[in-house]
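The structure under discussion appears below in the form of C-alpha cells.
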Amino acid sequence: MPVPGWLTGLIDDTRRGVVPKSRRHVDLRTRAANAKQSAVLVLFGGAPQAEDLPDDAGVVLLHRPATMRKHSGQIAFPGGRIDDTDPTPQAAALREAWEETGVDITGVAPLATLPQVHIPRTNHDVHPVLAYWQQPSTISAVSPQEADWVEKVPLQLLLEPSNRMMLAAGDYHGPAFRLGDFVVWGFTAAILDGLIHQAGWELPWNTDTHHDLLEVLADSANGEAMDQLRIPGVFNQ
C-alpha cells in the first residue's frame, strides 16, 4: 500500500537501514548469541491523506497486568515470542497483536522492520515491526492474562514536552513518557523516542534533568514488580 505522507520519511529511512537513535544508554542494534526471538508491532494510525503529522495520529500500546510472571506492569507494544510456526517476525508481530488486542490484521499493513534489539534481562532479541493501521478496527484487552488495558494513544500526548522525561537508576538512564498515571520507559520508550526523533516530530523538552526511576515507578499506576527490573547497578543484571 502507499505509505501515508506523514510516515513516508520514517519508513523510507528504515527501509534504507537508518537506525533511529534513542537517548537510552544502549544501542538499538544490539543482539546476542542464543537469545530467544520476539517481535512487537509498532502500529501507527492516522489520516491516510495527511502529509504532516495529523491530529488523529496515534500508536497502539497496552498495559501488562501486575500478575504476569515477566514484564508485569509495563506499558508495551503488542507482541511476544516468535513461534516455530511464524514464517517471519512480521507474521509473529501480527499474530501476537491479534491475540492480545483483537485487532483485525487484514486492515494492518506492515511497512518495515527495525534491526532486532537485545534485552539482556530477559535474553530476548526483539524485532520491532513498523506498521500502518489502514482500516482501523475495534481493539480491547482480549487476553486479560497478557494485557488489561489497550489503546491507540495519541502521538500528540506523547510529544507533549511536559509528558517527557529522562529516568536514571544505577547504571541505567533512558527516556520516558508520562501517559496519565502510567509511565512508558525501557525498551518501549527507547523505540518511541528514536522513532519520534527520526521522523522529525519531536518538540523541545528537558533532557538534562534525570528523575529517579524507582521513585517515578513507585508513584505511577504501572504496578511493576521491582524484583523483576534487574537494573544494572541497582538490581542483578
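Show the residues, 5+ positions off or on another chain, whose built amide H is closer than 5 Å to the amide H of residue 179.
Excluding prolines and chain starts, which carry no amide H, the hits are 184.
Taking 0.36 nm per intervening residue step and subtracting the Cα-Cα distance, what contour gain separates residue 8 from residue 221 on full extension?
Numbers: separation 213, 0.36 × 213 = 76.68 nm, distance 3.49 nm.
So the extension gain works out to 73.2 nm.
Per-residue counts of other Cβ atoms within 10 Å, averaged by peptide: what ranking do you get for 121-129, 9-17, highest first?
Details: 121-129: 20.7, 9-17: 14.8.
Ranking the peptides 121-129, 9-17 by packing returns 121-129, 9-17.
Could you tell me the largest-minus-smallest coordinate of the C-alpha atoms of segment 1-140 on each of the three principal axes, in descending order and whole angstroms?
42, 33, 30
What size of dipole, in debye to the nearest 20, comes out for the chain about its Cα centre when the only charges are +1 on Lys and Arg C-beta atoms and -1 on Asp and Glu C-beta atoms? Don't skip to the end; give the middle numbers.
Values: 18 positive and 29 negative charges, 141 e Å.
Dipole magnitude for the chain comes out near 680 debye.
Got a sec to turn the phi values of segment 74-79 into Karplus ³J(HN,Hα) couplings, 6.51 cos²θ - 1.76 cosθ + 1.60 with θ = phi - 60°, whole Hz, x for Gly and Pro?
Result, rounded to whole Hz: 7, 8, 8, 7, x, x.
What does the convex hull of the Cα atoms come to per residue for segment 79-182, in Å³? Let's see the in-between values first.
Details: hull volume 15.4 nm³, N = 104.
With only Cα atoms used, segment 79-182 gives 148 Å³ per residue.
If amide hydrogens are placed 1.01 Å from N in the peptide plane, which non-local residues have theirs closer than 5 Å to the one on residue 149?
Those qualifying (amide H under 5 Å, at least 5 residues apart or on another chain) are 63.
Classify segment 121-237 as rounded, prolate or oblate, taking a ≥ b ≥ c as the square roots of the eigenvalues of its Cα gyration tensor: rounded when a/c is under 1.5, otherwise prolate if a/b is larger than b/c and oblate if not.
Values: a/c = 1.60, a/b = 1.20, b/c = 1.33.
It is oblate, given that a/c is not under 1.5 and a/b is not larger than b/c.
What ranking, highest mean first, results for peptides 212-221, 33-42 when packing means the other Cβ atoms within 10 Å averaged over each residue? Walk me through the numbers on the way to the answer.
Details: 212-221: 15.7, 33-42: 18.5.
Going by the mean number of other Cβ atoms within 10 Å, highest first, we get 33-42, 212-221.
For the charge dipole of the chain, defined by +1 on Lys and Arg C-beta atoms and -1 on Asp and Glu C-beta atoms about the Cα centroid, which residue among 201, 102, 22 has the Cα displaced farthest towards the positive pole?
Working it through, the farthest residue towards the positive pole turns out to be 22.
Whole number please: convex hull volume per residue of the Cα set in segment 143-186, in Å³? The partial results should precede the final answer.
Working: hull volume 4.2 nm³, N = 44.
Per-residue hull volume (Cα only) is 96 Å³.
I'd like to check one number: the per residue accessible area of the chain, probe 1.4 Å, reported in Å² as a whole number.
Result: 45 Å² of accessible area for each residue.
With viscosity set to 1.002 mPa s and temperature to 20 °C, compute the Stokes-Einstein D of segment 44-98, Rh being the Kirkwood radius across alpha carbon pairs; µm²/s, no decimals. All intermediate terms of the calculation are to be shown ahead of the outcome.
Numbers: Rh = 13.4 Å.
Approximately 160 µm²/s, per Stokes-Einstein.
Report, in deg cm²/dmol and to the nearest 500, the calculated mean residue ellipticity at 222 nm for the chain, where each DSSP H run with n ≥ 4 adds -39500 (n - 2.57) and the sum is divided by the residue count.
Working: 5 runs with 50 residues, N = 237.
One gets -6000 deg cm²/dmol as the mean residue ellipticity at 222 nm.
What is the percent carbon and sulfur in the accessible area of the chain, measuring with a 1.4 Å probe over the protein chains and ignoring ligands? Numbers along the way, then the final one.
Numbers: 5220 of 10730 Å².
Roughly 49 percent, rounded to a whole number.
So for the pair residue 51, residue 16, with labels modelled 7 Å out along Cα→Cβ, what separation do we get in nm?
1.9 nm
So what's the gap between the Cα centers of segment 190-230 and segment 42-96, to the nearest angstrom?
First find each Cα centre; the distance between them is then 18 Å.
If you wrap a convex hull around the C-alpha atoms of the chain and split its volume per residue, what is the figure in Å³? Mind dumping the intermediate values first?
Details: hull volume 28.6 nm³, N = 237.
Once divided by residue count, the hull of the chain is 121 Å³.
The values are calculated or read from the model by the stated rules, or taken from the named source; none is laboratory data. Quick caveat, the model's predicted, so the values are computed rather than measured. Please note: Cβ atoms are built from the backbone with ideal geometry, for glycine as well, and neighbour counts cover all protein chains shown. Calculation scope for accessible area: heavy atoms of the full protein, side chains included, ligands and nucleic acids excluded. Shrake-Rupley method; radii C 1.70, N 1.55, O 1.52, S 1.80 Å.
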